[in-house]
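Novice: Here it is: the structure, laid out below.
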Amino acid sequence: MFADRVQSLKGSAIREMFKLLAQPDMISFAGGAPAPELFPGELLGEISQKILKENAKVALQYGITEGYVPLREYTRARMEKKGNIHDHDELIITSGGQQALDLTFKSLLNEGDTVVLESPSFIGGMNSLRSYNAKLHGIEIEEDGMNIDLLEEYLKDNKIKLVYTISTFQNPSGITMSAEKRKRLLDLASKHDFYILEDNPYGELRFTGEDVPTIKSFDTEGRVIYAGSYSKTISPGLRLGWAIARKDIMEKMIICKQVSDVHTCVLPQMMAAEFFAGFDFDAHIEKSKVLYRERARAMMDAMDTYFPKECTHTVPEGGIFLWCTLPEGYDSDALLKQAVAEKVAFVAGSTCMPVPEEGARYMRFNYSLTAPDKIKEGIIRLGEVIRNAR
Ligand SMILES: Cc1ncc(COP(=O)(O)O)c(C=O)c1O
């Protein structure tokens, strides 16, 4: 009954566990959302009332596919400051960063095309790729991003269409690709004639260390499609993201968006534009960074103290995730069941891998949603579960 392109899609293991995760006393590190206490709720309430009172004829009418002009212009100016737009590029507002990924894949990929991505990678990106029957080739990630030597080796015998990378504070690992690797990746794209999708929803959330220029900022040939998102910096419920791509690619993406949702909802776009016009967005982002720095620190300290010594974790400099490696012989899917029985949860590595069987030793942790004392309590509980599972 089902089309081939959806046969291999499975619901996220986490969604299936939602009921269990809703139990009282559960400490869940399985989420992937921003801290709701940071939402500018009251302000957006006032803004939306004002828009509907004064400008309902625009807010409730069809909009243009490319996006509400003031929001598009604000986003373009912000991206120009980071060198993310070149003369050959166009920017559109999308319904979340997820749609920017989907429109890219839909515009570029034929069934069976090979796409290289980090292993591990983002489940939403992988499922979108699977829905176009792309072949996923995962390349291991190192402390400074995708192993480019392995990619180079692979390219000797294989033709690929696209590399999908979450370059900064990667979901799920928290890892950031170094500037050197970014340049090497772009050189390879030029030499072997493939495109790069740089998915960067977390890039603004650096809480320590130095900024690394985006891959897009080095892109003189128009090989990089950039996906941005306001989900982690304002609110995911508004469903606002953007895509930047070379004009000929963008033309196709716009047509794909027209057949998908016609345009991104106008009211949230107007709300965001009004928010940016009247309030200090950067100051708002600063508040998120302070909170996430504290929570990331609390999680790493707790893991260093209460997890068995042989468990290691990445050290994110921003974003909302870190990635733990268990000693040989563990199975994180089994461990998750035991953990949930003890009322603590994480995302098992299998969910995040292009080849799920390769995820047994890994766990993804989110720290943005939990206060430091609860983080400590959850990590203590999980430390026990890990020890008992030996
Ligand atoms: C790596 C990555 N890309 C894209 C998205 C999509 O975000 P949104 O559609 O909410 O903008 C997410 C959300 O978690 C993500 O982690």
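The values are calculated or read from the model by the stated rules, or taken from the named source; none is laboratory data. Everything numeric in this text was worked out from a predicted model, so none of it was measured. Cβ coordinates were reconstructed from backbone atoms using ideal geometry, including for glycine residues, and neighbour counts include every protein chain displayed. When the accessible area is computed, the model is the full protein with side chains, heavy atoms only, and any ligands, DNA or RNA have been set aside. Shrake-Rupley method; radii C 1.70, N 1.55, O 1.52, S 1.80 Å.
Novice: Using all alpha carbons of the range 271-390, what is the percent of pairwise distances in each 5 Å bin, ordered from the shortest bin to the longest?
Specialist: Whole-percent P(r) values from 0 Å outward: 2, 11, 19, 21, 16, 10, 7, 5, 5, 2, 1, 0.
Novice: Another question, if that's okay. If we sort 110-123, 305-318, 288-301 on the protection proxy, mean other Cβ atoms within 10 Å, highest first, what's the order?
Specialist: 110-123, 288-301, 305-318
Novice: Please compute the per residue accessible area over the range 58-278 with all protein chains in place, 1.4 Å probe, rounded to a whole number of Å².
Specialist: 38 Å²
Novice: Tally Lys/Arg at +1 and Asp/Glu at -1 over every other residue whose Cβ is under 14 Å from the Cβ of Phe276; what's the total?
Specialist: Counting the neighbours of Phe276, the net charge comes to -1.
Novice: What pairs from Lys81/Lys106; Lys309/Lys337; Lys289/Lys309; Lys10/Lys135; Lys135/Lys159; Lys161/Lys191 go past 18 Å between their alpha carbons?
Specialist: Going by Cα-Cα distance, Lys81/Lys106; Lys309/Lys337; Lys289/Lys309 fall outside the 18 Å limit.
Novice: In debye, nearest 20, what is the charge dipole magnitude of the range 58-278 about its Cα centre with +1 on Lys and Arg Cβ and -1 on Asp and Glu Cβ, if you could check?
Specialist: Here the range 58-278 has a charge dipole of around 480 debye.
Novice: Another question, then. Ile249: net charge of surrounding residues, Cβ under 11 Å, Lys/Arg +1, Asp/Glu -1, itself excluded?
Specialist: Neighbourhood net charge equals 0.
Novice: Ignoring ligands, DNA and RNA, what percent of the 1.4 Å accessible area of the chain is carbon and sulfur? Please report the intermediate quantities before stating the final value.
Specialist: Numbers: 8980 of 17480 Å².
With neighbouring chains kept in place, the figure for the chain is 51 percent.
Novice: Kirkwood Rh over Cα pairs of the chain into Stokes-Einstein at 4 °C, 1.567 mPa s: D in µm²/s?
Specialist: On the way: Rh = 21.7 Å.
In µm²/s, the coefficient is 60.
Novice: Near Lys19, which aspartates and glutamates are there with a Cα under 17 Å away, not counting those fewer than 8 places off in the same chain?
Specialist: Glu342
Novice: I would also like to ask the following. Within 12 Å, Cβ to Cβ, of Arg381, how many net charges do the neighbouring residues add up to if Lys/Arg are +1 and Asp/Glu are -1? The partial results should precede the final answer.
Specialist: Values: positive: Lys343, Lys374, Lys376, Arg387; negative: Asp25, Glu342, Glu377, Glu384.
Spelling it out: positives minus negatives among the neighbours equals 0.
Novice: Under the Kirkwood approximation applied to all pairs of distinct alpha-carbon atoms, what is the hydrodynamic radius of the range 58-278 in Å?
Specialist: Final number for the Kirkwood radius of the range 58-278 is 17.5 Å.
Novice: Additional query: Per-residue ellipticity at 222 nm for the chain, helices alone: DSSP H runs ≥ 4 residues times -39500 (n - 2.57), over residue total, nearest 500 deg cm²/dmol?
Specialist: -13000 deg cm²/dmol
Novice: State log₁₀ I(q)/I(0) for the range 314-354 at q = 0.15, 0.27, 0.29 Å⁻¹ as given by the Debye formula over alpha-carbon point scatterers of equal weight, solvent excluded.
Specialist: -0.43, -1.06, -1.10
Novice: Considering only C-alpha atoms, what is the centroid distance from the range 36-68 to the range 324-390, in Å?
Specialist: Each part reduced to its Cα centre gives a spacing of 39 Å.
Novice: Taking the alpha-carbon centroid of each part, what is the distance from the range 189-216 to the range 264-290 in angstrom?
Specialist: 22 Å
Novice: Which one of Lys81, Lys287, Lys232 has the biggest mean-square fluctuation once the chain is modelled by GNM with Cα springs under 10 Å?
Specialist: Maximum fluctuation in the GNM of the chain, among the listed residues, is at Lys81.
Novice: Same structure again: Can you pull the Kirkwood radius for the range 3-85, inverse mean 1/r over Cα pairs, to one decimal in Å?
Specialist: Answer for the range 3-85: a Kirkwood hydrodynamic radius of 18.0 Å.
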